[in-house]
Structure formats: C-alpha cells, structure tokens
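So the structure is just underneath, and the comments pick up after that.
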Amino acid sequence: MDNAATTPVREEVAEAMRPYFSSRFGNPSSIYRIACESRDVIESSRETVAKAIGADADEIFFTSGGTESDNWALQGVARANAKKGSHIITSAIEHHAILHTARYLEKQGFPVTYLPVDNEGRLDPGAVEDAVTDTTTLISIMTANNEIGTIQQVQKIGSIAHDHGIPFHTDAVQAAGHIPLSVHDDAIDLLSLSAHKFNGPKGMGVLYIRTGTKIDNLLFGGGQEKKRRAGTENLPGIVGLATALDIAVRDQEKESGEIRKLRDRLIAGLLETVPYSRLNGHPTERLPGNVNISFEFVEGESILLLLDQEGICASTGSACSSGSHDPSHVLLAIGLPHALAHGSLRLTLGHGNTEKDVDTVLEAVPGIVEKLRDISPLYPGKEK
Ligand SMILES: *Cc1c(COP(=O)(O)O)cnc(C)c1O
C-alpha cells in the first residue's frame, strides 16, 4: 500500500535485465562486438521510451533517477539561459527534488516564484500566466503529486509556456506508466521520469529534452549520451526501465481502471467507517492508485506503526521520527490545519494489489484509529 514510494521490479523486467549484468556486460564505449551489442540495446531502449511518451529517440537521455532528472532540468536550463534572464516559476507542492534545487538556485541568484494551489491541490493555469515576466526562463510544474495524487492541467500550462516562448518542464515521476502522457500533445519541453515508480529498477531515470531546448550539462566527464550526460551507462538499468515502461504503457488503460476501482472502494470505505475523516486531494483528477485521508485527533505516524504490525505498509504526511516535526509542505499548501496534516494516511495502490488487500486495510484502519483516539486527550467523545 505504498506504491508511490517505490514498486517491486516485475519478474519479466528482472528477466530482461539479467544478461546485461554478466554475459552481455560490454561497455558501450568500447569497440569489440559485445560492446556494439550494448550500444544497440541502449538505442533500442531509447526508442521504446520515446514511443511511450510521444518523443523522438534522440530526445531521450538516461539518468540515475527522478532526482537527477529534476536537478538537471532546473539547473541546466537556468544556467544555459542565465544571460537572457533568471526567473523560474514552479509550484509550492513540488517534490523536494524540485523544491530543494530551486532553493539552491535562489541562493545562486535565480529568483523563484512558488505558485500556490487550491484546497484540492490544483494550480490555476491563469496564475502561471500572471507570474510570467520578461526574465522568466523556465516553468516547472509536476504532472501529478506524489502525496495527494492531484493531477495538474499540464496541457494548458504547457501551451501558456509556449505562447511566451518559455521552456516547460514537468516532473512526471508519479504519472509515467500510470496515466497517458504525450510530450507532443501537452507542449512539454522537458520531462522527468523514474523507473522504480513503474515496476522498474531503482536508480534509473530519464530526462526528455525537446530538440532545440537550451540546457547545460549537470555531469561532466566522458562523451556518453551524445556528450550531454557523462558516465558509463547503466546497461541493465536502461533495459529494465525500457521494458518496465513498455509493459506499463501497454497495460495502462486496463490496469489503471482496475486500480481506480480499488482506490474508490478504499476511499468510500474509510470515509464511511471512520468519523472525523476527510479525503485530501482532488476527488476525480487524481492518480488511479492514490488514497490520502486525514483522521482528526490521531498522529499519522502512530497509525503507521500499528498498520505495520498487521503487515500493512503505508505512509504519512507527518513523520516525527524522521527528525522533522513540520507536517508535509503539500498538506499545508492545500490549507490543512496542522492537526489534520499530522493525522494523514497515504495508501498508494499499484500492480499486484488485490480486492483482498483493500479488505484487509478496511478491516484494520477503523479499529486502529478508534484505539488511538481512545487514548487521545483531544478526542471529544467515544460515543461518536
Ligand atoms: C520519487 C519521486 C522523485 C524522485 O525520484 P527518484 O528516482 O527516487 O530519485 C521525484 N519526483 C516525484 C514526484 C517522485 O514521486
């Protein structure tokens, strides 16, 4: 129930990767035969990824994951355009891979606008237009949020960016393989994705860069990836990412339909059986697998510990043990008071989850919340 954090590698994907650890291990930069084979499989993987997002193969760059892709997009575009201007527009609910990079760039003299979102986590595309200045050189808005699952109006934002001639980046790490994506239809110039969020291997990602987009390198060294991303290619990782994305896109419609049904039963069941609960995020424009609910008068982290005892893995927007007592920036940005942000539970469904899993959660959560409320001095009444 924590597929937004990571997913297991599918058996077919692990199988496809296996030869590239041992017998087919050639360094693609070498000139003998097994090296040529490595080059070939990288190029066919690139084509597979390109097809999945409506891009050309030479616009696909392999990276070490979503974090590197986000860093590259922001730092690379900011630096390449520094002479033209320095202003960056993003949102208040981005992943830390974007937000912490933006904060770093601010210290380097690049002003950043963090646009607010509404109570359901949606950004008004009109606000993007209003924030544009003569010096804006990048707009970066995530396709779908990792905590509350809200999906943004990427197409509208992309066309606003294009009307102003500003490159548009989207962190599509939670979206890729789970909802349809097209860099062409959505006027996207740069797009980040990460294999371990769609049943591929960890430590493997892609940055799509539209032909003609000005961007500096992030990593320097050898001439790999057309001299734009140095470092010996992660051959098994590349094969794993492409295989996993191919399967996810092939099965996307069917699988997301099934997962959406599980999600909706889980949401309805929890809201019905647990008093003082509310759904966070958008009711319909949300990722197929995302459930995020706040329970008043309880700590999310306490729920997690008790769920873990029942063998259920979940997540929360408040993690005191991680050293941060502040609730999630996303939950605060949608206007949740601290008390509700602290009592949030995120359950994210994915490939392999079943009706029975939903039953197990629906059986466990109401009792756990009741037990915690019974010992909470703030809870107004047990009779409720
Ligand atoms: C997981 C995630 C990332 C980071 O990706 P990694 O491959 O784990 O580095 C970035 N953005 C979003 C929205 C994510 O969910």
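Here Lys261 is the anchor, and the lysines within straight C-alpha reach of less than 16 Å, apart from those fewer than 8 places off in the same chain, are Lys356.
Under 15 Å from a point placed 7 Å out from the Cα of Ala5 along the Cα-to-Cβ direction: which residues of the range 270-291 have their backbone N that close? The answer is 291, whose backbone nitrogens lie closer than 15 Å to the label point. With the Cα gyration tensor of the range 116-198 giving a ≥ b ≥ c as the square roots of its eigenvalues, does the rule (a/c under 1.5 for rounded; else a/b larger than b/c for prolate; else oblate) give rounded, prolate or oblate? Here the range 116-198 falls in the oblate category. With r as the distance between the Cβ atoms of Ser29 and Glu106 and R0 = 30 Å, compute the FRET efficiency 1/(1 + (r/R0)^6) and round to 0.05. So, using R0 = 30 Å, E works out to roughly 0.20. Computed about its Cα centre, the charge dipole of the range 252-374 is approximately 260 debye, with only Lys, Arg, Asp and Glu carrying charge at their Cβ. Residue separation of Asp357 and His184 scaled by 0.36 nm, minus their Cα-Cα distance, works out to 58.5 nm of gained length.
Taking a straight line from the alpha carbon of Lys84, these lysines sit under 29 Å away, with near neighbours fewer than eight places off in the same chain left out: Lys107, Lys156, Lys214, Lys226, Lys227. When peptides 293-302, 120-129, 349-358 are sorted by average Cβ neighbour count within 10 Å, with the highest value leading, the order is 293-302, 120-129, 349-358. Each of His95, Val9, Thr137 was placed along the dipole of the chain (beta-carbon charges, centred on the mean Cα), and the one lying farthest toward the positive end is Thr137.
Comparing Cα centroids, the range 267-300 and the range 65-99 end up 32 angstrom apart. Rounded if a/c is under 1.5, else prolate if a/b is larger than b/c, else oblate: which is the range 202-283, with a ≥ b ≥ c the root eigenvalues of its Cα gyration tensor? Taking the square roots of the gyration eigenvalues as a ≥ b ≥ c, the range 202-283 is prolate. Largest first and in whole Å, the equivalent-ellipsoid semi-axes of the range 95-249 read 26, 20, 15, each the square root of five times a Cα gyration tensor eigenvalue.
Once the Cβ-Cβ distance between Asp58 and Glu12 is put in as r, and R0 is 25 Å, what FRET efficiency do you end up with, to the nearest 0.05? Calculated value: 0.40. Evaluated with a Cβ-only charge set (Lys, Arg +1; Asp, Glu -1), the chain carries a dipole of roughly 900 debye about its Cα centre, given to the nearest 20.
Give the shape of the chain as rounded, prolate or oblate, defined through the alpha-carbon gyration tensor: a ≥ b ≥ c are the square roots of its eigenvalues, a/c under 1.5 means rounded, and otherwise the shape is prolate if a/b is larger than b/c and oblate if not. Note, shape of the chain comes out oblate.
Summarising the label geometry, the points placed 7 Å from Cα in the beta-carbon direction at Asp251 and Thr211 lie 3.4 nm from one another.
Helix 96-107 and the longest principal axis of the C-alpha atoms of the chain enclose an angle of approximately 70°. Label-to-label distance for Ser376 and Thr273 is 1.8 nm, based on points extended 7 Å past Cα in the beta-carbon direction. A Förster distance of 30 Å, applied to the separation of the beta-carbon atoms of Ala127 and Ala339, puts the FRET efficiency at 0.60.
Taken together, the values in this text are just the output of simple stated rules run on the coordinates, not laboratory data. Just so you know, these numbers come straight off a predicted model, no measurement behind them. Heads up, the Cβs are rebuilt from the backbone with ideal geometry, glycines too, and the neighbour counts pull from every protein chain shown.
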